[in-house]
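Peer 1: Pasting a structure here, questions to come.
The values are calculated or read from the model by the stated rules, or taken from the named source; none is laboratory data. Note that the coordinates shown come from a computational prediction; the quantities given were computed from them, not determined experimentally. FYI the Cβ positions are ideal-geometry reconstructions off the backbone, even for glycines, and counts take in every protein chain you see.
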Amino acid sequence: MGCLGVILLLAATLILTFLVYPIVMLFGFDGKQALSIAELCALVVLLVRLVIILVLGVRESKDARDKADKKITKWFRDQNLESVLEHRSKSSEVFVAIDEKQKKVAFGRVRTSEIEVKCYGVSELQEVRIAEDGKVAVGKDIGQLLSLAAAGAVIFGGAGAVVGALAGSSLKQVREVLLVAAVDDVLAPFVAVNFLETQAPVGSERYKKATQTAERFMGAIEVLKRREMKAT
């Protein structure tokens, strides 16, 4: 619920209090008692409305996730792909999957009316790395950083700009843990998927899980690339 929604609810509660107040006065309560009862009634109504909004929000979120899952499943079926390693965001809006038999990797996201997917054979992925907050090391100099956004990368699930440390805290905050692949595309030379859905401190469980997942996918792609090389 946004700020506007909160303001509207508070305004509705205030209006309800003034509407209930004269009714309570009809039952013989004095002004102070009537006001207290009116405020209590308005508070109860407010809480009920909040519960209803939360329930509807959860249901809507689940419905959206189910629709996204169906779109992803249909896309894989249409492409005759079978994923052996797959990651989907909690909302299922962003995903990455590996087909071991066909040696393909699919990066994608589900929008309201369509699904956008970049699918590559492992031989098309020239280099695979893990990056944080939209920047990845390039070349021999590990200190040289390339801004993925500036390079025209297609980032699935990108969180945005770097935030840095929290106020009053020395812990570095990370918004993105990305699996980045260099591809043969002049307009979009990099494709990436984000495994960290919300900002997290370095070393936290969410950060570790995102990093481990990215490493698992990078390792699997490297295995398939080695198999491809042996076969040729």
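Peer 1: Name the single residue, out of those in the stretch 96-115 being touching a residue at least 40 places away in the same chain (Cβ under 8 Å) and within 13 Å of residue 71 (Cβ to Cβ), that is surrounded by the most Cβ atoms within 10 Å (Cβ to Cβ).
Peer 2: Only one residue tops the list, namely 110.
Peer 1: Are any residues in the stretch 119-143 modelled with pLDDT of 90 or more and under 22 Å from the mean Cα position of the chain (by Cα), and if so, which ones?
Peer 2: Answer for the stretch 119-143, where residues must be modelled with pLDDT of 90 or more and under 22 Å from the mean Cα position of the chain (by Cα): just 119.
Peer 1: Please find, within the stretch 193-231, the residue that is modelled with the lowest pLDDT out of those that are farther than 14 Å from residue 98 by Cα and of a type in the set (A, V, I, L, M).
Peer 2: 231
Peer 1: Here is a further query. Answer yes or no as to whether residue 20 is β-branched (Val, Ile, Thr), at pLDDT below 70 and more than 33 Å from the chain's Cα centre (by Cα).
Peer 2: yes
Peer 1: Is at least one residue of the stretch 144-152 in the same structural domain as residue 123 (by TED's automatic domain parsing), closer than 18 Å to residue 93 by Cβ, at pLDDT 50 or above and not charged (D, E, K, R)?
Peer 2: No: the stretch 144-152 contains no residue that is in the same structural domain as residue 123 (by TED's automatic domain parsing), closer than 18 Å to residue 93 by Cβ, at pLDDT 50 or above and not charged (D, E, K, R).
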